[in-house]
1. Residue by residue through region 171-195, note down the ones that are within 21 Å of Asp284 (Cα to Cα) and open to solvent by 10 Å² or more (accessible area, probe 1.4 Å).
2. Keeping to region 250-262, report how many residues are over 25 Å from Gln198 (Cβ atoms), of a type outside the set (A, V, I, L, M, F, W, C) and surrounded by 16 or more Cβ atoms within 10 Å (Cβ to Cβ).
3. Taking the condition of being modelled with pLDDT of 85 or more, open to solvent by less than 30 Å² (accessible area, probe 1.4 Å) and of a type in the set (A, V, I, L, M, F, W, C), how many residues in region 136-160 meet it?
4. Among the residues of region 1-22, which ones are part of a loop (DSSP other than H, G, I, E, B), open to solvent by 50 Å² or more (accessible area, probe 1.4 Å) and not charged (D, E, K, R)?
5. Being more than 17 Å from Gln196 (Cβ to Cβ), of a type outside the set (Asp, Glu) and surrounded by 14 or more Cβ atoms within 10 Å (Cβ to Cβ) is the filter here; which residues of region 97-114 pass it?
6. Given the options Ile321, Ile306, Ile325, name the one that is part of a strand (DSSP E or B) and over 17 Å from the mean Cα position of the chain (by Cα).
7. Could you tell me which residue of region 263-291 is most open to solvent (accessible area, probe 1.4 Å), considering only residues that are assigned to a helix (DSSP H, G or I) and either touching a Pro at 6+ places or on another chain (Cβ under 9 Å) or of a type in the set (Val, Ile, Thr) (or both)?
8. Applying the selection to region 215-247, what residues are open to solvent by 90 Å² or more (accessible area, probe 1.4 Å) and under 15 Å from Val185 (Cβ atoms)?
Amino acid sequence: MKKKVTSTDIAKAAGVSQSTVSMVLNKKYNVSFSRETIDKVEHAAKELGYVPPKRKTKKGVKKEKLLVVFCSNLTNPYYVMLLQGIELRAKEQGFGLFVCNTQRDLRMEERYLKMMWELRPLGIIYTCNPSHCFMELVTELAQKIPVAIVNNQNEKMDVDAVELDNSKLGRIMAKHLLDLGHRRVAYIAPPLTARQKQRSKRVEGFLKEYEKAGLKANVIIKAAKEEIDLNVAHIDSEYKIGFDLTQELLKERSGITAIVGLNDMIAFGILDALHEAKLRVPSDMSVMGCDNTLFARMHKVDLTTIEHFVIFKGRDACDIIMKKIASHTSPYSDIEPISTYHVEYEPQLIVRGTTGYAKESGKREKKRKN
């Protein structure tokens, strides 16, 4: 029988060490080798008829347990809180996360969705409403891979969902300001496009309460231009919406006594614009946000906001995926159950130091002129 050629044989023929042969043949260039040394080793291996050993596959190695999370924006603490809730539960169950940041770009969302067929994660969590362009694809994926969506309650979807009634959030904000006597107010929002229905629902809920009070005409809606959503979001994108649109409002001298931000990030921009204009909060102007993010709770901010349990929503979305995976692997009576989960939390008003009773707008206008 022909003797098997070893790395030691090649080392002798090439005039180099056995470790050099091993590293060159395995392409592990931990040390910088000259082109001449590499050629020598490869030539000697070829001349001697060296056959690389077949790599042994490890038996019993489990595929990485992977969940994919679709996220539209990682610059807003809201999405970071959702991810935190998902990751806490996923880690407990030994799952890893792969985050797809779509940046609200339809082409990016479609690209990531098509990757799922090859990636084959054990579950997919959408932290935002999927575009209606791709609902057919999402539904098709859901038949093969468990899918859970954190979505607006008013959207009709045949997939598992952790829901939020955005209209209710708007109504709670409006009721609070009406109770404090604010009759002329402004609402600042990101672009209110057809795709971002959750934003519009929040504004609609706010307007309905003022309409019931006969004051709908006293609500000024200031929404950012649509092209803002077409750009990659920066860490201060939503903050700038609040800051810039508040400056516009103040130039109009509209006699408003309160400004609402669609979320906390926008409210922070509102607060800074008021500070720059030397207006006191809440004695000159009340301010509200939504999401109860970490910065809203800081003493120097002390923002009145809405708590809708974002971290818990992330956790529950992950729990839904785990239940679906369990039902796939352990069918009841040899039949896999068909179930659709819907989870919803009751939002709560968090009153802090940025809202107070309204002053008569005429008095404040007179004070400003002086």
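1. Kept after step one, since they are within 21 Å of Asp284 (Cα to Cα), are these residues of region 171-195: 173-188.
Within region 171-195, Lys175, His176, Leu178, Asp179, Leu180, Gly181, Arg183, Arg184 qualify.
2. Adding up the residues that qualify gives 1.
3. Adding up the residues that qualify gives 7.
4. The initial filter retains those residues of region 1-22 that are part of a loop (DSSP other than H, G, I, E, B), namely 1-6, 15-17.
Cutting the leftovers down to open to solvent by 50 Å² or more (accessible area, probe 1.4 Å) gives us 1-4, 6, 15, 17.
Selection gives Met1, Thr6, Gly15, Ser17.
5. Leu97, Phe98, Val99, Cys100, Tyr112, Leu113
6. On the way: Ile321 fails: part of a strand (DSSP E or B); Ile325 fails: part of a strand (DSSP E or B).
Sole residue among the options that is part of a strand (DSSP E or B) and over 17 Å from the mean Cα position of the chain (by Cα): Ile306.
7. First, pick out the residues of region 263-291 that are assigned to a helix (DSSP H, G or I): 264-276.
Checking the rest, the ones that are also either touching a Pro at 6+ places or on another chain (Cβ under 9 Å) or of a type in the set (Val, Ile, Thr) (or both) come to 264-266, 270.
Values: Asp264: 1, Met265: 25, Ile266: 0, Ile270: 0 Å².
Checked region 263-291; the qualifying residue most open to solvent (accessible area, probe 1.4 Å) is Met265.
8. Hits for region 215-247 are Lys216, Ala217.
The values are calculated or read from the model by the stated rules, or taken from the named source; none is laboratory data. Source: prediction; values computed, not measured. FYI the Cβ positions are ideal-geometry reconstructions off the backbone, even for glycines, and counts take in every protein chain you see. SASA here: full protein model, heavy atoms, side chains in, ligands and nucleic acids out. Shrake-Rupley method; radii C 1.70, N 1.55, O 1.52, S 1.80 Å.
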